[in-house]
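In what follows, a structure is listed as structure tokens, so that the remarks can point back to it.
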Amino acid sequence: MRPFLHVGGRDYLRCEACEATFLHPAQRPAADAECAEYRLHRNDPEDPGYRRFLARLVDPLRIRLAPAAQGLDYGCGPGPALAAMLREAGHPMRVWDPFFAPDPDALARRYGFVTCTEVVEHFHAPAAEFARLDGLLRPGGWLGITTCLQTEDARFAAWHYRRDPTHVVFYRAATFRVIAARFGWRCELPAKDVVLLHKPAPPAAAAPCLSPPNPDRESPCATKPSSTTSPTASPRSA
């Protein structure tokens, strides 16, 4: 981590490994100030404009989900509009938010998908948060994210997204590729400021060989012993 920029009375740091930009930890907002700011948001589930905004994530995510896959809206805020839209699409949904829906049972399950719309920029401990999200996903599940991605450094000082007092970490597309590699996910960016991360399912186990022994041919599950190794010897670890 190295110093990046001082602007507007704030100090920003840059991670050289993942290219994320962080507000200095000493300048992060306190929890009560953060919650007060969130209460000013007007995220009405019935607002057509807001639903169009959320559809940027809902539309590409839905086509990747199994029918009736259960999801979690992580960081749902005071008006969980995204969860409502996904329920309308046939997906059972749970919601969780540290201020507005702090339900511990929601974090004790695993889901076919998890959504974070305009949430990850608020993470005070991103490494721990993404590890938690990995634990909430079933193998084969999807993590859907919206956040404004940082581009040129020259535009950072005047960027509207930086000026939100609750935004403490800013990601580039490259940042999400690094995160995906860390957890073994696949990263897709299907639209501007939309990130989809896929947690792969483990490979299916090989089917056991059920054919009766045949001394005239090898079993397809067997490994032929080398000419220098006794057929009764134990295989060595690679």
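Coordinate-derived values only; no laboratory data. This structure is a prediction, so every number in the text was calculated from the model and none was measured. Neighbour counts run over all protein chains shown; Cβ positions are idealised from the backbone, glycine included.
What is the antiparallel percent of DSSP beta bridges lying wholly in the chain, to the nearest 5?
Values: 20 of 33 bridges.
In the chain, DSSP labels about 60 percent of beta bridges as antiparallel.
Using only DSSP helix segments of four residues or longer, with each worth -39500 (n - 2.57), what per-residue ellipticity at 222 nm results for the chain after dividing by its residue count and rounding to 500?
On the way: 6 runs with 57 residues, N = 238.
Helix-only estimate at 222 nm: -7000 deg cm²/dmol.
Sequence gap at least 6, Cα distance under 8 Å: using those rules, report the relative contact order of the range 85-212 to the nearest whole percent.
Numbers: 158 pairs, mean separation 30.2, N = 128.
Worked out over the range 85-212, it gives 24 percent.
Can you check what the net charge comes to around Ala125, using other residues whose Cβ is under 15 Å from the Cβ of Ala125 (Lys, Arg +1; Asp, Glu -1)? Please list the in-between numbers first.
Numbers: positive: Arg28, Arg132, Arg182; negative: Glu34, Glu121, Glu129, Asp134.
Value of the local net charge: -1.
What trypsin sites (Lys or Arg not before Pro) does the range 17-65 have in DSSP loop regions with at most 12 other beta carbons within 10 Å?
Values: sites: Arg39, Arg42, Arg51, Arg52, Arg56, Arg62, Arg64; in loops: Arg39, Arg42, Arg64.
In loop regions of the range 17-65 (DSSP not H, G, I, E or B), the sparsely surrounded trypsin sites (Lys or Arg not before Pro) are Arg39, Arg42.
Stretched out fully, how many nm does the piece from His124 to Arg87 gain, at 0.36 nm a residue minus the Cα gap? Could the numbers behind the result be given before it?
Working: separation 37, 0.36 × 37 = 13.32 nm, distance 2.95 nm.
Contour length minus Cα-Cα distance gives 10.4 nm.
Need one number: % antiparallel among DSSP beta bridges in the range 84-204, to the nearest 5.
Working: 10 of 16 bridges.
Expressed as a percentage, antiparallel bridges in the range 84-204 total about 60.
Given the peptides 143-154, 182-193, arrange them by the average over their residues of other C-beta atoms within 10 Å, most packed first. Intermediate values should be presented prior to the final figure.
Values: 143-154: 18.0, 182-193: 14.7.
With the highest mean Cβ count within 10 Å placed first, the list reads 143-154, 182-193.
In debye, nearest 20, what is the charge dipole magnitude of the range 91-154 about its Cα centre with +1 on Lys and Arg Cβ and -1 on Asp and Glu Cβ, if you could check? The partial results should precede the final answer.
Details: 5 positive and 9 negative charges, 100 e Å.
Roughly 480 debye for the range 91-154.
Is the range 17-97 rounded, prolate or oblate when judged by the Cα gyration tensor, a ≥ b ≥ c being the square roots of its eigenvalues, rounded requiring a/c under 1.5 and prolate requiring a/b larger than b/c? Don't skip to the end; give the middle numbers.
Numbers: a/c = 2.19, a/b = 1.58, b/c = 1.39.
Prolate shape, in that a/c is at least 1.5 and a/b is the bigger ratio.
Dipole of the range 118-210 (Lys/Arg Cβ +1, Asp/Glu Cβ -1, origin at the Cα centre): which of Ile145, Ala173, Ala201 lies farthest to the positive side?
Positive-end residue among those listed: Ala201.
How big is the charge dipole of the chain about its Cα centre, in debye rounded to the nearest 20, if each Lys and Arg gets +1 on its Cβ and each Asp and Glu gets -1 on its Cβ?
Working: 29 positive and 26 negative charges, 134 e Å.
Around 640 debye, computed over the chain.
Taking H placed 1.01 Å from N in the peptide plane, check which residues at least 5 places from Val114 or on another chain put their amide H under 5 Å from its amide H.
Under 5 Å from the amide H of Val114 lie the amide H atoms of Leu72, Trp142, Leu143, Gly144, each far enough along the sequence or on another chain.
Any chance you could give the angle, 0 to 90 degrees and rounded to 10, that helix 48-62 forms with the longest Cα principal axis of the chain?
The two axes meet at around 10 degrees.
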